[in-house]
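*Asks:* Below are the structure tokens for one structure; questions will follow.
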Amino acid sequence: MRSWLCFILMFGLPAWAAPSMRVCIDHYPPFQIISDDGITGESLVALNLLAKLIGHELVIKTSPNFARCLRMLEVGQVDVVAGLILQPKRQVYASFLPYREDSHYLFISRDPDIDIVDYEQLADYTIAVSRHTHYFDRFDQDPELSKMVVNDLKTAIAMLAKQRFDLLIVPEMVLPSIRQDFAQFDSLFKVHSYRFKPQRIIYFGFSRKHQLVIEPDMLSTTVESAYEDGLFIKEIEEFTSEHLEWY
């Protein structure tokens, strides 16, 4: 299998012969970055490699938020969405194949007097969460927590600045990007010492209504072999080293 993957990576397929692989991208740096200069990010380099491995041409559809991407995946308007956590309700409309491990999650506040050092303190505050986003099981399923759902991270930061809620949960890897987008971040907000790292995998979600021209067994074998060989994380690490401005 590894020799077959190497052949695909080295020689590929002629562009005229390649069917399309439709993907949905929303702005969520550094995973997905939509700007006047184009579209890039960790998810995009992983999707580019995926398209190359299975001999498809990448076709990007942008979305205002992640929830819309999931809906497009569900109805078959796109074939693949990257950056998913495996959840039973999502398996109804998508199949899942791995490409990287999850990152730490942390909490941000506007109020400097809040000091989160352990999980139990979270119950005292209202926490903003992104719509249709899963963080870690204890947090997601905790009935004692007060949560406010927001559409996207940019909106959430603006709301936090106005103290519409107490805390915002984010992946640690997006923190440098938030600082870059909000010049007054360090003077307005506090990043708390409590962090949590789930021991889980991040997946590509493939719509059960996808139009990819590849047999399911071949798709699974190809993606799982690339994951086990570290091909996706190698692409992500290369992106990271070349785009330190997002980290």
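The values are calculated or read from the model by the stated rules, or taken from the named source; none is laboratory data. Here the structure is a predicted model, which means the values were calculated and not measured. Here Cβ is always computed from backbone atoms with ideal geometry, including for glycine, and neighbour counts include all displayed protein chains.
*Asks:* Output the residues belonging to region 1-22 that are surrounded by 13 or more Cβ atoms within 10 Å (Cβ to Cβ), in contact with a strand residue (DSSP E or B) (Cβ under 8 Å, 6 or more places away or on another chain) and either under 14 Å from Leu53 (Cβ atoms) or modelled with pLDDT under 95 (or both).
*Replies:* Listed by number, the residues that qualify are Ala18, Pro19, Met21.
*Asks:* Does any residue in region 228-245 that is assigned by TED's automatic domain parsing to the domain that holds Pro29 and of a type in the set (Asp, Glu) come within less than 8 Å, Cβ to Cβ, of a residue that is modelled with pLDDT of 90 or more and part of a helix (DSSP H, G or I) six or more places away or on a different chain, and which pairs are these?
*Replies:* Pairs found: Glu235/Val45; Glu235/Ala46; Glu235/Asn48; Glu235/Leu49; Glu238/Val45.
*Asks:* Now a separate question. Which condition number does Asp137 fail, the rest of (1) modelled with pLDDT under 90; (2) closer than 23 Å to Glu224 by Cα being met?
*Replies:* With (1) modelled with pLDDT under 90; (2) closer than 23 Å to Glu224 by Cα applied to Asp137, the lone miss is (2).
*Asks:* Which strands (runs of 3 or more DSSP E) does region 26-119 wholly contain that include 1 or more residues that are of a type outside the set (Val, Ile, Thr), at pLDDT 95 or above and under 17 Å from the mean Cα position of the chain (by Cα)?
*Replies:* Working: elements: 33-35, 38-40, 57-63, 80-84, 94-101, 105-109.
Passing ranges, in order: 57-63, 80-84, 94-101, 105-109.
*Asks:* Let me ask something else about it. Of everything in region 197-234, what is over 25 Å from Tyr135 (Cα atoms) and either charged (D, E, K, R) or within 16 Å of the chain's Cα centre (by Cα) (or both)? Give them in sequence order.
*Replies:* Lys209, Glu215, Asp217, Asp229
*Asks:* Given (1) at negative phi; (2) over 24 Å from the mean Cα position of the chain (by Cα), where does Leu145 come up short, assuming only one miss?
*Replies:* (2)
*Asks:* In addition: Among Leu97, Leu47, which is of a type in the set (A, V, I, L, M), closer than 26 Å to Arg200 by Cβ and touching a helix residue (DSSP H, G or I) at 6+ places or on another chain (Cβ under 6 Å)?
*Replies:* Numbers: Leu47 fails: touching a helix residue (DSSP H, G or I) at 6+ places or on another chain (Cβ under 6 Å).
Just one listed residue meets the conditions, Leu97.
*Asks:* A further question on this structure: Can you list the helices (runs of 4 or more DSSP H) found entirely within region 130-233 that contain at least 2 residues being exposed (fewer than 13 other Cβ atoms within 10 Å of the Cβ)? Spell out how you get there, then give the answer.
*Replies:* Numbers: elements: 137-141, 153-161, 175-181, 185-188, 216-228.
Output list reads 137-141, 185-188, 216-228.
*Asks:* What is the number of the single condition among (1) in the same structural domain as Gln91 (by TED's automatic domain parsing); (2) of a type in the set (S, T, N, Q); (3) in contact with a helix residue (DSSP H, G or I) (Cβ under 8 Å, 6 or more places away or on another chain) that Ser177 does not meet?
*Replies:* (1)
*Asks:* Moving on to the next point. When you check Ser220 against the structure, is it without any contact (Cβ under 8 Å) to a residue 60 or more places away in the chain and over 27 Å from Gln121 (Cα atoms), yes or no?
*Replies:* No; evaluated as a whole, the condition is false for this residue.
*Asks:* Pairs, please: C-beta under 7 Å, at least 6 apart or cross-chain, first residue in the same structural domain as Ala82 (by TED's automatic domain parsing) and in region 31-51, second of a type in the set (A, V, I, L, M) and not in a strand (DSSP E or B)?
*Replies:* Gln32/Leu44; Glu42/Ile236; Val45/Ile236; Ala46/Ile236; Leu49/Leu231; Leu50/Val223
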